[in-house]
Structure formats: structure tokens, C-alpha cells
């Protein structure tokens with residue numbers, strides 16, 4: 001028991017052994033039977049649970065707060081089913097009244113240009129996140145970032161889709177989730193150039209620390225895309241480790257050098273994939289893969305039997 005927590009004692013005998021009778025709403029002394037209080041509240045749930053699974057499912061509270069909704073999920077909604085609490089259909093006059101209430105309730109939730117912008121942008125963030133199959137923490141991070149942009153009034157003169165895509169890409173970098181800028185831009189229906197311009201703008205104005213991308217993070221993605229074995233993935237990781245020790249990864253695009261390491265590993269395990277197949281999944285050119293391939297094989301003394 002915490003030191004600051006007040007100990008309740010019986011006013012008659014001074015005992016601390018008390019019984020809480022929630023059915024009667026009474027606090028009773030176990031020794032002398034004195035009723036200390038008759039106004040206690042039952043803080044437990046109003047439902048019954050017969051096992052741990054039911055207890056976890058039947059939560060007392062609602063959904064948690066989320067940054068992905070403009071009002072953080074604290075608003076209420078008027079159900080679109082035109083029925084009363086007993087399930088009976090509403091009369092035409094009542095339906096018209098509920099329709100007006102629903103309309104004005106929806107309008108009152110998004111009042112003002114800033115809230116409208118935020119509501120639309122957060123819905124765009126959610127769409128892009130679902131298209132890219134991103135985890136929840138990336139979407140939450142991107143939503144917090146976009147709110148900072150709106151709060152600092154940096155959105156003026158820029159498209160919502162462009163800033164949303166830049167927020168998603170920055171959140172992916174911060175959460176160590178591998179998505180290229182080209183993938184994010186394509187999901188947001190903007191050009192890679194616009195996405196990169198907005199990303200650099202946010203990076204400069206928000207002064208957010210974004211860790212550099214580790215080429216090894218791309219390996220698992222490429223291996224899954226090309227349906228390669230675990231042996232190939234292990235060899236590609238070892239090639240990148242050795243290249244990193246020799247500082248061959250410095251100044252090189254992480255996707256390009258990871259694609260070249262995957263290509264070399266596929267040749268060594270005789271699970272051959274063409275440079276075109278790997279370049280398509282890595283969103284780099286075949287020339288980039290050939291250049292990185294030559295550097296790695298020469299510097300690491302890797303013999304490839306063609």
C-alpha cells in the first residue's frame with residue numbers, strides 16, 4: 001500500500017479489517033459489525049464473465065484515444081439505422097427529425113477550415129497506410145507529424161496529398177519500416193518529385209531526427225518478393241556485413257546495394273533471378289545493380305560461376 005493512501009478505520013473499535021458489501025452499498029467493520037458507510041459504489045463491470053477470455057473481450061471502456069481521427073475518437077455518432085431503442089422503425093416525421101439532427105451533428109464535428117483540412121488529411125493518411133499495409137504505430141506517428149505541420153501553419157501553399165505522403169514516409173523511416181519514397185508517392189497518387197520535395201521541406205522545418213536506412217532492412221523484403229530461400233537471405237546479410245566493414249556502403253543508395261547483395265546471393269545458391277526482376281522490386285535501375293554488383297564482387301573477392 002502506498003504511503004500517501006489513506007487507511008480507513010472503524011470509528012467504534014479502530015479495526016482496519018472491513019467488508020465491502022456492494023449489493024447493499026455498505027462498508028461494514030468485520031469485528032464489531034458497525035456500518036461505516038452506506039454510500040459506496042460498485043466499481044466493477046455490469047456484466048458477468050466465466051473465464052479469462054470473456055473477461056478480456058467484455059471491456060468496460062470504449063475505444064482508446066487515437067491521433068488518426070481529427071477529434072481523437074472522442075466524438076459521438078447518431079446511428080444511421082432509423083429505428084428506436086426497441087428496434088421499431090421510426091415514423092416519417094421522426095425520420096425527418098433524426099435526419100436533420102444527424103446532418104447538423106456531422107457538420108458540428110468538423111467546424112472551421114483547420115478541422116476540415118485535418119479531417120480530410122487524416123483520412124488520406126489512413127488510405128495510404130492501408131494501401132502500403134503499414135502497422136498501426138506508423139499511422140499514429142504520421143498523424144502526430146501532420147498535426148504538427150497544421151499547428152505550425154506549414155501546410156499553406158502545399159497539397160494535402162503531398163504533405164500526407166511525406167509524413168507517411170518520414171514515419172516509416174522513424175519506425176524502421178521499409179517503404180521507398182516511390183511506393184509511398186504511388187499510393188498517394190502523387191509524383192516522386194513532389195513527395196521528395198515535401199519530405200525535405202518537413203525535414204527542414206520540423207527539425208525531426210530521421211535515422212539513416214540500413215541496407216540490411218531491405219534484404220528480407222527482397223527475399224520475400226522473389227520467393228528465395230532462407231539460405232539466400234543469410235548469405236546476402238553476410239555480404240552486406242562484410243561490405244559495411246570495408247565501408248563500401250557509404251555514399252551508396254541502400255536499396256541498390258541491398259539489391260546487388262541479393263542478386264549475388266541468389267547466384268551463389270543457384271536460385272538465379274535476373275537483374276530486371278530484382279530491379280523491379282527494389283525500384284532501382286538495372287545499371288545500379290550492375291555497378292554495385294561489380295564493386296562487391298571485386299572488393300570482396302567473390303567468385304561467381306556463370
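Largest mean-square fluctuation among 284, 35, 138, in a Gaussian network model of the chain whose springs join Cα atoms under 10 Å apart, belongs to 35.
Anisotropy class assigned to the stretch 113-206 is rounded, per the alpha carbon gyration tensor with a/c under the 1.5 cut-off. Once you've got the GNM for the chain with C-alpha springs shorter than 10 Å, pick whichever of 236, 185, 142 has the biggest mean-square fluctuation. Evaluated over the chain, the most mobile residue of the options is 236. Looking at the square roots a ≥ b ≥ c of the eigenvalues of the Cα gyration tensor of the stretch 121-162, which shape do they give, rounded for a/c under 1.5, prolate if a/b is larger than b/c, or oblate? Judged from the Cα gyration tensor, the stretch 121-162 comes out oblate (a/c at least 1.5, b/c at or above a/b). To the nearest ten degrees, helix 92-109 and the longest principal axis of the Cα atoms of the chain are 60 degrees apart. Calculated on the alpha-carbon coordinates, the convex hull of the chain measures out at 287 cubic angstrom per residue. Classify the stretch 60-164 as rounded, prolate or oblate from the Cα gyration tensor: take a ≥ b ≥ c as the square roots of its eigenvalues, call it rounded if a/c is under 1.5, otherwise prolate when a/b beats b/c and oblate if not. Prolate shape, in that a/c is at least 1.5 and a/b is the bigger ratio. The simple Förster model, with R0 at 35 Å and r as the Cβ-Cβ distance, assigns residue 295 and residue 137 a FRET efficiency of 0.45.
Give the relative contact order (percent, whole number) for the stretch 144-218; include only Cα pairs under 8 Å separated by 6+ residues.
Numbers: 62 pairs, mean separation 25.5, N = 75.
About 34 percent, as a whole number.
Given the DSSP H assignment, sum -39500 (n - 2.57) over each helix run of at least 4 residues in the chain and divide by its residue total; what's the result at 222 nm in deg cm²/dmol, nearest 500? Counting only the DSSP helices, I get -16500 deg cm²/dmol.
Coordinate-derived values only; no laboratory data. Since the structure is predicted, the reported quantities are computational estimates derived from the model, not experimental observations. When we count neighbours, we look across all protein chains shown, and the Cβ atoms used for this are built from the backbone with ideal geometry, even at glycine.
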